[in-house]
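Engineer: Please see the structure below; I have some questions.
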Amino acid sequence: SLNVPNHPIIPFIEGDGIGVDVTPAMQTVINAAVEKAYGGERKIVWCEIYAGGKANQIYGENTWLPDETLALIEEYHVAIKGPLMTPVGGGIRSLNVAMRQGLDLYNCLRPIRYYDGTPSPVKHPELVEMVIFRENSEDIYAGVEWKAGSPEADKVIKFLQDEMGVKKIRFSQDCGIGIKPVSKQGTQRLVRAALQYVIDNDRRSLTLVHKGNIMKFTEGAFKDWGYQVAKEFGAEPLDGGDWHKLINPKTGREIIIKDCIADAFLQEALLHPADYDVIATLNLNGDYISDALAAQVGGIGISPGANIGQQAAIFEATHGTAPKIAGQNKGNPGSLILSGEMMLRHLGWIEAADLVVNAVSKTIANKTVTFDFAEMLDGATLRSTSEFAQDIVG
Ligand code: ATP
Ligand code: MG
């Protein structure tokens, strides 16, 4: 656990596009909540660090993610960031992925929670209350892939055919190849974090979501290794299946550890959201699931997220740079504000975090909202980014 001083230095990345709008709004709300909760006793010392367009302006031509930025995040352990654009050319797939890999932030945490009054496409969005632990460092996101027709792809195909005896598929000339690594160590650190969260927060269940029926040695292994973690925590098998039961050592209440095939999960989470609570899943499944569930409770404009590792944690807006509305003081800062709330909780500043949740909740219930919500709500009052933040501060 963190040893947090009363005046912690928190590095922040403003972010590209809409970052100029939502980052100051987040800081306004977080500063006010800390002030209200602790008087002058605690205070965040914000320290701007650079990635994306701003880094490129400052550090020069081909630098989008300076080493210094990663070093500072590692040094201060906690950081918060706005959205980053992906530079065109230059061989970088995604700055977000580069940061996660550079700092080994293996856990992508996405709480899905409904704020009363949020426009939603489902009848009972208030039943959707889940926390997703998405493995963040493995799976096909490892970036090990070769273009169809390249000498590398052809070499891999030849190796598979000649050395590995792969006869099942007929490889054509135009066949891209991708590798899906899933390790026991990588799986278990993620599932451990998820199960510890269930215990600490007195949640009801942990569901391992996977496609083990098709991909036995990657997704299937994820499930098996996940249940091993449950056993490690003292869980006992339930009758006639894989499911396990664990008595929460802190509260004495029962925790169910279960699993679900990913496609069925997406259907179940829509039809019976109340049956699911904390989710642990692989990288690609987690990507789809995060957005699908977020859509039920108001979408990316309001969904917070964090990338957490052993050494550092980055709290971030889950949406992109939204270039069409960038710099217009228009976008919804909810996602980044609630990521800030997660950050306060991570620091152990629970009182301030609770103030943020209550204030966001009240503001949305009052229907004083940014354009994205206002256009879907009858009787809403349209607010700019900064006005919405001011409404939250009160
Ligand atoms: P990028 O290329 O960085 O992903 P994008 O425009 O695709 O940029 P997304 O966040 O993926 O950014 O945006 C999808 C849609 O949602 C866009 O129409 C965008 O304007 C809108 N949007 C994104 N974030 C917000 C926000 N915070 N408030 C309101 N609308 C948003
Ligand atoms: Mg996008």
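The values are calculated or read from the model by the stated rules, or taken from the named source; none is laboratory data. Note that the coordinates shown come from a computational prediction; the quantities given were computed from them, not determined experimentally. Cβ atoms come from the backbone with ideal geometry, glycine included; neighbour counts cover every protein chain shown.
Engineer: Tell me, which residue of segment 361-375 that is exposed (fewer than 15 other Cβ atoms within 10 Å of the Cβ) and part of a loop (DSSP other than H, G, I, E, B) is farthest from ligand 2 (Cβ to nearest atom)?
Structural biologist: Filtering segment 361-375 for residues exposed (fewer than 15 other Cβ atoms within 10 Å of the Cβ) gives 365-366, 375.
Subset that is part of a loop (DSSP other than H, G, I, E, B): 366, 375.
Numbers: N366: 29, E375: 19 Å.
My answer is N366.
Engineer: I'm told K223 meets every condition in (1) on the phi < 0 side of the Ramachandran plot; (2) not in a helix (DSSP H, G or I) except one. Can you identify the failing condition by its number?
Structural biologist: So K223 meets the others, but not (2).
Engineer: Shifting gears a bit: Among (1) of a type in the set (G, A, S); (2) in contact with a Ser or Thr (Cβ under 6 Å, 6 or more places away or on another chain); (3) more than 30 Å from Y227 (Cβ to Cβ); (4) at pLDDT 95 or above, there is one condition A352 misses while meeting the rest; what is its number?
Structural biologist: The one condition A352 does not meet is (2).
Engineer: If you go through segment 11-36 one residue at a time, how many are touching a Phe, Trp or Tyr at 6+ places or on another chain (Cβ under 6 Å) and among the aliphatic types (A, V, I, L, M)? Don't jump to the end; show me each part of the working.
Structural biologist: Residues of segment 11-36 touching a Phe, Trp or Tyr at 6+ places or on another chain (Cβ under 6 Å): 11-12.
From what is left, the residues that are among the aliphatic types (A, V, I, L, M) are none.
The total comes to 0.
Engineer: Of T281, T251, which residue is of a type outside the set (F, W, Y) and buried (at least 17 other Cβ atoms within 10 Å of the Cβ)? Break it down into steps so the answer makes sense when it comes.
Structural biologist: Numbers: T251 fails: buried (at least 17 other Cβ atoms within 10 Å of the Cβ).
None of the others qualify; the one that does is T281.
Engineer: For segment 182-196, state whether one or more residues are modelled with pLDDT of 95 or more, surrounded by 13 or more Cβ atoms within 10 Å (Cβ to Cβ) and not in a helix (DSSP H, G or I).
Structural biologist: Checked against the condition, which is being modelled with pLDDT of 95 or more, surrounded by 13 or more Cβ atoms within 10 Å (Cβ to Cβ) and not in a helix (DSSP H, G or I), segment 182-196 yields at least one hit.
Engineer: Restricting to segment 298-339, what's the tally of residues that are touching a strand residue (DSSP E or B) at 6+ places or on another chain (Cβ under 6 Å), more than 10 Å from ligand 1 (Cβ to nearest atom) and not hydrophobic (A, V, I, L, M, F, W, C)?
Structural biologist: Here is the first cut: in segment 298-339, the residues touching a strand residue (DSSP E or B) at 6+ places or on another chain (Cβ under 6 Å) are 305-308, 313-316, 318, 335-336, 338-339.
If we keep only those that are more than 10 Å from ligand 1 (Cβ to nearest atom) too, we end up with 305-308, 313-316, 338-339.
Still in the running and not hydrophobic (A, V, I, L, M, F, W, C): 305, 307, 316, 339.
Counting residues in segment 298-339 that are touching a strand residue (DSSP E or B) at 6+ places or on another chain (Cβ under 6 Å), more than 10 Å from ligand 1 (Cβ to nearest atom) and not hydrophobic (A, V, I, L, M, F, W, C) gives 4.
Engineer: May I pose another question? List the pairs whose first member sits in segment 124-150 and is within 23 Å of Q310 (Cα to Cα) and in contact (Cβ under 8 Å) with a residue 60 or more places away in the chain, whose second member is acidic (D, E) and crowded, with 21+ Cβ neighbours inside 10 Å, and whose Cβ atoms are under 8 Å apart, counting only residues at least 6 apart or on separate chains?
Structural biologist: Between residues of segment 124-150 that are within 23 Å of Q310 (Cα to Cα) and in contact (Cβ under 8 Å) with a residue 60 or more places away in the chain and residues that are acidic (D, E) and crowded, with 21+ Cβ neighbours inside 10 Å, there is no close pair.
Engineer: Now for a separate question. Would you confirm, using the coordinates I've provided, whether S339 is within 16 Å of ligand 2 (Cβ to nearest atom), among the polar types (S, T, N, Q), out of contact with any Ser or Thr (no Cβ under 6 Å at 6 or more places or on another chain) and on the phi < 0 side of the Ramachandran plot?
Structural biologist: On the way: within 16 Å of ligand 2 (Cβ to nearest atom): no; among the polar types (S, T, N, Q): yes; out of contact with any Ser or Thr (no Cβ under 6 Å at 6 or more places or on another chain): yes; on the phi < 0 side of the Ramachandran plot: yes.
The answer is no for S339.
Engineer: Within the set of pairs 6 or more residues apart or between chains, which connect a residue that is more than 17 Å from G82 (Cβ to Cβ) inside segment 332-349 to a residue that is within 16 Å of ligand 1 (Cβ to nearest atom) with Cβ atoms less than 8 Å apart?
Structural biologist: Pairs that qualify, where the first residue is more than 17 Å from G82 (Cβ to Cβ) and the partner is within 16 Å of ligand 1 (Cβ to nearest atom), are H346/F315.
Rundown of residues vs (1) more than 16 Å from ligand 1 (Cβ to nearest atom); (2) acidic (D, E); (3) buried (at least 23 other Cβ atoms within 10 Å of the Cβ), yes/no style:
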position	(1), (2), (3)
I9	yes, no, no
I13	no, no, yes
V22	no, no, yes
M26	no, no, yes
A32	yes, no, no
G39	yes, no, no
G53	no, no, no
N56	no, no, no
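Engineer: Follow-up. Which of the residues that make up segment 302-349 are under 24 Å from N6 (Cβ atoms) and of a type in the set (G, A, S)?
Structural biologist: A306, A312, A313, S339, G340, G348
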